[in-house]
Each structure stands twice: as C-alpha cells, then as structure tokens.
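Notes follow the structure.
Quick note: the coordinates plus some simple rules give every number you see, no bench work behind them. Since the structure is predicted, the reported quantities are computational estimates derived from the model, not experimental observations. Every residue, glycine among them, receives a Cβ derived from its backbone with ideal geometry; neighbour counts consider all protein chains shown.
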Amino acid sequence: MDKSPPTGAETSAATHPADEVGRALDRRAELSEFLRSRRARLKPEDVGLPVFGRHRRVPGLRREELAQLAGVSVAYYTRLEQGNGRNVSAEVLDAIARALRLNDAEHAHLTHLARPRPLKRKHAWRAQQVRPSLRQLLDTFEGTPAYVTGRRSQILAWNRMAAAVFGDWGELPAQERNWARLVFLRPEYRVLFADWESKATDIVGMLRMDAGRHPDDPHLSALVGELSVKSAEFRQLWARHDVREKCHGVKALRHPLVGELTLNFESFQPPGDPEQMLITYHAEPGTPSAEALRLLASWGTDAHRLRQEAEEV
C-alpha cells in the first residue's frame, strides 16, 4: 500500500465553522427541513388526492393532506414537522414514509432524525481505525482499485491501484483525505469525473445521511461549514436535503494518463465497524477500460509519478 494514512487518521476541524452550520446540523431543524422538503416535492395528483382550487399557497402537499395519507392527526404531524419527534413510534414513521413515498435511504434518514440513538460518550468521535487484516486485503487486489472510507466521506486506507486511478492521497495531509473536500475544492477532480455533478450529488447525499446519524458530530459540522463557505455548489446541494446510500454503480472517468475509463464499483461493509465501507472498482473484461487498468498496473509506482506529471501539463 503506498503512503497509506496512519491508523486512525481523522478529519480535523475546519478553519471556517460558520455560525449557521451549527443550526444546519441541529437534529430538530434537520427533521423539520427534511419533512418539509419531501412534502414539497409531491402534488395531490401524485398520491391520488383531488385538487381543489387552482391556486395553492404552498408547493406540494399541505400538512393536512399528508396527515390524512399517513392516518395521523394534523396536530400530531405538525408537531413532528416542527422538529418534535419525541416518542414517535416506528409505525407512525413507517406510515409517514409511505405517504411521502420515501425510498429506503430517505426512510432510514427520517428514522435517524426522529428516533436518534443515544451516543456512547466514551467512544464519541474517536478516530476510526482500519484493521491490519483489511489493509492487507487491499494490497491483494493487485489490479483492482480499492479503498476504505469512514464517517463524513473520510478516506482511511487505499491500495496502489486506487492511487494510480484517483491520485496519491498519501501526499495529502490527513484532513484533506476526504471525498467531499476533493470533489468540491480540487479542480483536478472536476476533470477526473466525467459526470462531476453526479459525483458531487452523491457525496452531499451521503454526508446528509451522516448528519442524520450523528447531527452533533463536531467534525461533520466543521466540514459542512468549510464547504459551505468555499463552494456555492455545495451550499445549493446541501439545501436540497437529498440523501444517498451508494452500494454499486458505474463511474466514467477521464484519466490524465490512459484517457476514458468506465468502471463498475461495488461497496461492502466490513464486519466490526458499520461506519466503514470498502469500495472496489473493476472494468468489464475485454474492454478498453480493462486494458487501461492493466496498463496502469504494469507501470507500478511509476504510474503515480506519471499521473502527477500529466496533471501538471
């Protein structure tokens, strides 16, 4: 593994933790804004309700319409949307999720916000560690780019092929080994990802999931504050309250050495730490992308140097 981060590398506090960020990560505010945003995207005709009148003062469903669909009182739903999810049952949340037509990730996010699990302060925000055996496993993927991420999109460990494809993260300070910072703050990643907007949307959606699980994480609050100050695109995406859980898919890359790459990725959750994810990339056999990966693998450690030289041209 090339210049792998020290065990427990952790995101440090950002230099611009704006005051509004603390409010953005407040659990009650998150719950309120998430429910409002999901309600606003539905129309009565989308859920089989009659439309009365041509002019509606609010976009999407009214609170009373959503309460009717969920089978709860308007007063109860109003309290919930105001951020008071105390003692709400799983059955009620399920009914509201169905009424709002939430997908699995959104349903999980709603549950995290409305029924937060108490945090064990003894282990709060401790640095995440990658097991030595998992690091060894990364090294066995000789022709396969692979890395491990943790909370708030932090990159915890990677192999040589990941460095050849995505850049040598070992040259960065530990706090910069973070997908959100790379995607929004480093111009070379706008070039690397052929569909940068899709990658950016995915990253913000996964940070939103983290915010639901750990709204009082000071490192996450600082990261969101830094990105909100430095990137208008991040601010716009964060305001949407969209959530994502990426498990598999396809990424198109524009590599500075080998050109266009189309890679399939798969995500796996290693046992022992539910907040870590192992991500691997591979190309369809017999394709130009497979040949390009083989070429990068054959260059070995020279691929890192050549990639850096190509980016500087």
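Give a residue-ordered list of calculated ³J(HN,Hα) values for the stretch 132-144 (Karplus: 6.51 cos²θ - 1.76 cosθ + 1.60, θ = phi - 60°; whole Hz; x for Gly, Pro).
Along the stretch 132-144, the couplings run x, 5, 6, 4, 5, 4, 4, 5, 6, 7, 4, x, 10 Hz.
Please give the length that would be gained between residue 171 and residue 295 if that part of the chain were fully extended, namely 0.36 nm times their separation in residues minus their C-alpha to C-alpha distance (nm, one decimal).
Computed gain between residue 171 and residue 295 is 42.4 nm.
Expressed in nm to one decimal, what extension gain is obtained for the pair residue 95 and residue 45 from 0.36 nm per residue of sequence separation less their Cα-Cα distance?
Working: separation 50, 0.36 × 50 = 18.00 nm, distance 1.88 nm.
Taking 0.36 nm per residue and subtracting the Cα distance, the gain is 16.1 nm.
In what sequence do 281, 76 fall when counting other Cβ within 10 Å, fewest first?
76, 281
Using alpha carbon centroids, what distance separates the stretch 177-202 and the stretch 39-113, in Å?
Each part's Cα centre sits 33 Å from the other's.
Can you tell me the FRET efficiency between residue 73 and residue 245 if r is taken as the Cβ-Cβ distance and R0 is 35 Å, rounded to the nearest 0.05?
0.65
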